[in-house]
Amino acid sequence: MDPADRHKAKMAKRKALQDAEVAAKPILEKGLLIVHTGPGKGKSTAAFGLALRALGRGFRVGVVQFIKGAWSTGERMGVERFGTQVEWRTMGEGFTWETQDRARDVAAATAAWSEATRMMADPSIRLLVLDELNVALRYDYLPLAEVVAALGARRPDLHVVVTGRNAKPELIEAADCVTEFTLVKHHFAAGVRAQQAIEF
């Protein structure tokens, strides 16, 4: 058998296996709880990629940022061009090492969680990004059991994406999809500062 025919036969077999696997899945659609965690770069970036995909499909999207402060970011400027199709709330006061005030951080996280629960109850929102919620949970700014229970009780058609390092085991257990971003190499270690369009 020549290489072209061998490749065609191999891909036909692969397609048959793939089609059978897809056909065996009984659930056609389900709102997913997706967690992006780990020490690598790109957790929020991937979540905003999902938001852009959802916007392109005509979904209404909500974003609540738990830690990041109200500095101007390219992702926010980009998705806000979709107008009322996006609801974006930046509720944090900056990175935890900048505020150095636990009471303020807890208050900000509590206010952000209130916005998140409001958006979860809004039937017009189909995808909700809870950016850096994992960080708020890591530092016990919010009651973990309450957050996990609320995420588990979300509307059946609502997709929720939670980002941030150090996802709690309870959240990982409750999630439908968990991706751990692994650090292999980062330009910051070589002395390159955060740049527009790459980090913000």
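The values are calculated or read from the model by the stated rules, or taken from the named source; none is laboratory data. Just so it is clear, the model here is predicted, and its values are computed rather than measured. Counting neighbours? That spans all protein chains shown, and the Cβs are built from the backbone with ideal geometry, glycine included. Protein only, heavy atoms only, side chains kept; ligands, DNA and RNA dropped before computing areas. Shrake-Rupley method; radii C 1.70, N 1.55, O 1.52, S 1.80 Å.
A compact table of results
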| read-out | value |
| --- | --- |
| Region 113-126: number of residues that are within 17 Å of VAL35 (Cβ to Cβ) and open to solvent by less than 10 Å² (accessible area, probe 1.4 Å) | 1 |
| In region 139-154, the residues that are surrounded by fewer than 22 Cβ atoms within 10 Å (Cβ to Cβ) and under 16 Å from the mean Cα position of the chain (by Cα) | VAL148, GLY152, ARG154 |
| Answer from VAL184, VAL178 - the residue that is modelled with pLDDT of 95 or more and either more than 13 Å from the chain's Cα centre (by Cα) or crowded, with 17+ Cβ neighbours inside 10 Å (or both) | VAL178 |
| Hits in region 114-133 - residues which are over 16 Å from GLN85 (Cα atoms) and under 15 Å from the mean Cα position of the chain (by Cα) | ALA116, LEU130, ASP131, GLU132, LEU133 |
| Failed criterion for GLU199 (all others in (1) open to solvent by 50 Å² or more (accessible area, probe 1.4 Å); (2) within 18 Å of the chain's Cα centre (by Cα); (3) at pLDDT 95 or above hold) | (3) |
| Some residue of region 162-175 being farther than 14 Å from ASN134 by Cβ, open to solvent by less than 60 Å² (accessible area, probe 1.4 Å) and either in contact with a helix residue (DSSP H, G or I) (Cβ under 8 Å, 6 or more places away or on another chain) or modelled with pLDDT of 95 or more (or both) | no |
